[in-house]
Amino acid sequence: MNVSEIERREHYLNVNYGIRSWLFTTDHKRIAWLYLLSVTVFFFIGGLFATLMRVELLTPQGDLVQAETYNKLFTMHGVTMVFFFLIPSIPAVLGNFLVPMMIGARDLAFPRLNLASWYIFIIGGAFTLMAAAAGGVDTGWTFYTPYSSIYSNTHVVLTVVGVFITGFSSILTGLNFIVTIHKMRAPGMTWFRLPLFIWAHYATSIIFILGTPVIAITLVLVGLERIFRLGIFDPALGGDPVLFQHLFWFYSHPAVYIMILPAMGVVSELIACFSRKRIFGYSVVAFASLAIAVIGFLVWGHHMFVSGQSVHASMIFSLLSFLVAIPSAIKVFNWTATLYKGSISYDAPMIYALGFIGLFTIGGLTGLFLATLGIDVHVHDTYFVVAHFHYIMVGGAVMGYLGGIHFWWPKMTGRTYPEVWARLAAVLIFVGFNLTFFPQFVLGYLGMPRRYHVYPPEFQVLNVMSTAGASILAVGYLLPLMYLIWSLRYGAVAGANPWRARGLEWQTPSPPPTENFDRTPVVTEGAYAYEKEPAEIYALRKPAHV
Amino acid sequence: MDLGFPLFPEQASTLASRVDALFFFLVAVSVFFVGLIFLLIFVFAVKYRRRADDERPEPIEGKLWMEVAWSVIPFALTMVMFVWGAIIFFDIYNPPEDALEISIVGRQWMWKAQHPTGQSEINELHVPVGQPVKLMMTSEDVIHDFYLPAFRVKQDVLPGRYTRIWFEASKAGVYQLFCAEYCGTQHSGMIGRVFVLEPAEFEKWLSGGATGISMVDQGASLFKRFGCETCHRAGGTNQGPTLAGLFGKTVKLQGGNPVTADEDYIRESILDPRAKIVEGYQPIMPTFKGLVSEEGLLQLIAYIKSLNGAERKAAQR
């Protein structure tokens, strides 16, 4: 088989050419590519900010950049990574590509709305990048008032306008997914035959729709107070600064689940495929996603144990935060149990998935420290918190994202990536990640506050370790960028189903035709029915379609 | 073992060892579960590695008793954490009656402290060992956070209201003070030192180089200077409620709602007198917003609190 065989057949990539065919496309698969390119750009911009911070923190003195610049760096790092990479990454790239394919649909329910979501995302991103180019913003990604609304002299309004606009892209994507999953499942695709990836995206979409409007309103209020001096949050104007924190975290804590739930969905697919087994306790894992989405809305106050909120409110939030940990623990146990008596291979996506379980377990368990009132008082706003949420967001969400990108790359491009390089990158990322962030747990318990440009000299050794880890991590992230681009031209032809996976998306050629399926598939079995794999597929590692 | 750098913070308050004990409990639970998961993954990944391409493992639907077990056991463990953590938390926010009360005012980017005996400090705080110390804190601008890692206590310091925290230092020495809530450009410079002194040393420090005017006396002279006496004097015109014995009492407001006369209520009544009108009085008091500093407010409050003691003394006579 040679390369031209991909081109001989018409598929969504070669059906037409030219910039207009991409910018005006309503094909969910092409829109996924638009998102992939955009979030990749944002990821490396956010990564550049992080790199500069880590280099600055090599020494206790503030020698590379000024305090003002440092504050802008961590703010822009947070804003870019949270709102323009982590939140859209899996849903908007992999979700866009896969939600219709996995349920046997032709496209999302509202293809034009889907394209509009991408334009909204890009407009929001443009505002935020404009703010960065105009001199940046220094409030922290949390925009705490009254610093953000009154005291900061940086481009707060431009930035929050960007985040505000981008929020609508999330809302519309969530709406699109929910309607699609309800109305467009192929014949026979009942709710409990859905891949767990779909359940995870359904839960995520609920948060998109219910949570995002709250952050949008909150940021509008910050803008109003900043521009018109309306007294909402600043006590000098008659406002309440803690009110902002309630509103902000009402969205921003569920936003953490926006980042992690889709990654959990990806990991369920990967674990099943590379151990060739059903996910242990499928329905428990599915309901755990919904439980996380629902309880996740009731725990925001755990960000505010030392904010001056009522001690009794803190107790309730602590209790609920422990409750939301349980469905996550259940998922980890079920994934692990899935491996039992499986047929496990160690392809790069599986390395990411196993890495995800390990790092997410550490991230989840350290979350218990923060839910524990007596301990949180000490570690709140220290590097312990920074380490914890990077274990969830980078160790969890980014590992899941990269695992998913590798897994579905053959489907998206029709080509395979170089396996050896991919395994090397996955291991580098795992090692580099731990070296970067584990020392930060120690730093945090020692008492090093976050967002410190200058720090006491006794914290230096651990900071040097962290920066050393970050450089390994950077190499780990640059490798996939290079070999994946390389594989677009030189990668081996993948065939329809190189992983012998059971999902519907693998039962159509790679890259898929614009309509996804030549004939609407009829589903007769649950997800991950690896035991029912027809015998002839072993003899035939080559795909039938090309 | 000396690595040349610390791995664990000093324990310098009565609270520190309690927080650390709970911390180590959580570390033990975490190590157990991380170890368990890593071990299982490793064992399964080796034992059940794919040996032939056509392996077709038996499907396992799941086991209800296992799902129940790994829901209930973690839940029980987290409830231990919850209760244990809540008990410590309650203690952090409930200062003993006899605590020495020190006022803290934060601003971009410095900490100001004033002792009841009048001594003021900047970016430093002197406290005696073995005595509970309560901090009454407020901010002049944005939100700050008063954080003493060696004592395991931390509390946001808000503009427009008071927050409180207390500790009892258990070991003489010098400890770090950090601002833990991001507050602008020089946030990482908003640091200081806490000097924990033996009681005798502390007395010596108090008597050396101080102004000698206590917070109550400073408050009294402000009270006079702003003419508060005219309306709030016992047995005077009585255009305003008398303040003797007010602090800590429940005040009935116009409309019938009761309010406890704590520091925040007094502060609000000085800066925004019309927010809460005491039943039976007219809203005629002018605002003192902009006229009195945060330190001045704390001194006025100290003075009004002292009127309780005076009343009690008078009653005893």
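The values are calculated or read from the model by the stated rules, or taken from the named source; none is laboratory data. Note that the structure is predicted; figures quoted are calculated from it, not measured. Please note: Cβ atoms are built from the backbone with ideal geometry, for glycine as well, and neighbour counts cover all protein chains shown. When the accessible area is computed, the model is the full protein with side chains, heavy atoms only, and any ligands, DNA or RNA have been set aside. Shrake-Rupley method; radii C 1.70, N 1.55, O 1.52, S 1.80 Å.
Of note:
- Within segment B:113-125, being in contact with a helix residue (DSSP H, G or I) (Cβ under 7 Å, 6 or more places away or on another chain), assigned to a strand (DSSP E or B) and surrounded by fewer than 19 Cβ atoms within 10 Å (Cβ to Cβ) holds for no residue.
- Single residue of B:Glu61, B:Glu67 found to be without any contact (Cβ under 8 Å) to a residue 60 or more places away in the chain and in a loop (DSSP other than H, G, I, E, B): B:Glu61
- Positions within segment A:257-312 being within 12 Å of chain B (Cβ to nearest Cβ), closer than 27 Å to A:Leu247 by Cβ and in contact with a helix residue (DSSP H, G or I) (Cβ under 7 Å, 6 or more places away or on another chain), in sequence order: A:Ala291, A:His302, A:His303, A:Met304, A:Phe305, A:Val306, A:Ser307, A:Gly308, A:Gln309, A:Val311
- Considering segment A:471-516, the residues that are among the hydroxyl-bearing types (Ser, Thr, Tyr) and within 26 Å of the chain's Cα centre (by Cα) include one that is surrounded by the fewest Cβ atoms within 10 Å (Cβ to Cβ), namely A:Ser471.
Here's the yes/no breakdown for (1) modelled with pLDDT of 95 or more; (2) facing chain B (nearest Cβ under 10 Å); (3) under 25 Å from A:Cys273 (Cα atoms); (4) in contact with a Pro (Cβ under 9 Å, 6 or more places away or on another chain):
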residue: A:Gly358; (1), (2), (3), (4): yes, yes, yes, no
residue: A:Leu365; (1), (2), (3), (4): yes, yes, no, no
residue: A:His378; (1), (2), (3), (4): yes, yes, no, yes
residue: A:Tyr383; (1), (2), (3), (4): yes, no, no, yes
residue: A:Ala387; (1), (2), (3), (4): yes, no, no, yes
residue: A:Ile392; (1), (2), (3), (4): yes, no, yes, no
residue: A:Gly403; (1), (2), (3), (4): yes, no, yes, yes
residue: A:Pro410; (1), (2), (3), (4): yes, no, yes, yes
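- Scanning segment A:200-214 for residues that are among the hydrophobic types (A, V, I, L, M, F, W, C) and open to solvent by less than 10 Å² (accessible area, probe 1.4 Å) yields A:Ala200, A:Ala203, A:Ile207, A:Phe208.
- Scanning segment A:323-356 for residues that are within 7 Å of chain B (Cβ to nearest Cβ), closer than 19 Å to A:Gly396 by Cβ and among the aromatic types (Phe, Trp, Tyr) yields a count of 1.
- Among the conditions (1) under 30 Å from A:Glu68 (Cα atoms); (2) touching a strand residue (DSSP E or B) at 6+ places or on another chain (Cβ under 7 Å); (3) surrounded by 18 or more Cβ atoms within 10 Å (Cβ to Cβ), B:Ile92 misses just one, which is (1).
- Breaking point among (1) of a type outside the set (S, T, N, Q); (2) closer than 30 Å to A:Tyr340 by Cβ; (3) open to solvent by less than 80 Å² (accessible area, probe 1.4 Å); (4) facing chain A (nearest Cβ under 7 Å), for B:Val29: (4)
- For A:Val311, the conditions (1) open to solvent by 20 Å² or more (accessible area, probe 1.4 Å); (2) modelled with pLDDT of 95 or more are fulfilled apart from (2).
- Sole exception among (1) touching a residue at least 12 places away in the same chain (Cβ under 8 Å); (2) assigned to a helix (DSSP H, G or I) for A:Lys277, by number: (2)
- Annotation for segment B:71-80: at least one member residue is at the interface with chain A (Cβ under 7 Å from one of its Cβ atoms) and among the aromatic types (Phe, Trp, Tyr).
- Scanning segment B:205-241 for residues that are open to solvent by 60 Å² or more (accessible area, probe 1.4 Å), at pLDDT below 85 and outside any helix (DSSP H, G or I) yields B:Gly209, B:Thr211, B:Gly212, B:Arg233, B:Ala234, B:Gly235, B:Thr237, B:Asn238, B:Gln239.
- Taking the numbered list (1) out of contact with any Phe, Trp or Tyr (no Cβ under 7 Å at 6 or more places or on another chain); (2) hydroxyl-bearing (Ser, Thr, Tyr); (3) part of a strand (DSSP E or B) in turn, B:Thr138 passes all entries but (1).
- Of all residues in segment B:159-169 being open to solvent by 10 Å² or more (accessible area, probe 1.4 Å) and within 15 Å of B:Ala99 (Cβ to Cβ), the one that is nearest to the other protein chains (Cβ to nearest Cβ): B:Arg164
- Which numbered condition A:Gly231 misses (of (1) open to solvent by 10 Å² or more (accessible area, probe 1.4 Å); (2) modelled with pLDDT under 95; (3) under 20 Å from A:Ile357 (Cβ atoms)): (3)
- A:Arg519 being under 24 Å from A:His28 (Cβ atoms), among the basic types (Lys, Arg), crowded, with 21+ Cβ neighbours inside 10 Å and modelled with pLDDT under 95: no
- Considering residues of segment B:10-49 that are of a type in the set (D, E, K, R) and assigned to a helix (DSSP H, G or I) only, the residue nearest to A:Gly363 (Cα to Cα): B:Asp20
- Test for B:Ala12: is it in contact with a strand residue (DSSP E or B) (Cβ under 9 Å, 6 or more places away or on another chain), more than 30 Å from A:Ala529 (Cβ to Cβ) and surrounded by 17 or more Cβ atoms within 10 Å (Cβ to Cβ): yes
- Yes/no for B:Gly4 being under 21 Å from B:Tyr175 (Cβ atoms) and either free of Cβ contacts under 8 Å to residues at least 12 places away in the same chain or assigned to a loop (DSSP other than H, G, I, E, B) (or both): yes
- Filtered residues of segment A:447-469 (kept if assigned to a helix (DSSP H, G or I) and without any contact (Cβ under 8 Å) to a residue 60 or more places away in the chain): A:Glu458, A:Val461, A:Leu462, A:Met465, A:Ala468, A:Gly469
- Of all residues in segment B:181-200, those satisfying the criterion of being in contact with a strand residue (DSSP E or B) (Cβ under 7 Å, 6 or more places away or on another chain), within 12 Å of chain A (Cβ to nearest Cβ) and open to solvent by 40 Å² or more (accessible area, probe 1.4 Å) are B:Ile191, B:Arg193.
- Search result, residues across segment B:50-68 that are exposed (fewer than 13 other Cβ atoms within 10 Å of the Cβ) and either at pLDDT 95 or above or β-branched (Val, Ile, Thr) (or both): B:Val68
- Here B:Glu101 passes the criteria (1) in a strand (DSSP E or B); (2) within 13 Å of chain A (Cβ to nearest Cβ); (3) not aromatic (Phe, Trp, Tyr) except the one numbered (2).
- Entry remark, segment A:280-316: residues being without any contact (Cβ under 8 Å) to a residue 60 or more places away in the chain, more than 30 Å from B:Ile87 (Cα to Cα) and in a loop (DSSP other than H, G, I, E, B) number 1 in total.
- Wholly enclosed helices (runs of 4 or more DSSP H) of segment A:346-404 bearing at least 3 residues open to solvent by 10 Å² or more (accessible area, probe 1.4 Å): A:348-371, A:383-390
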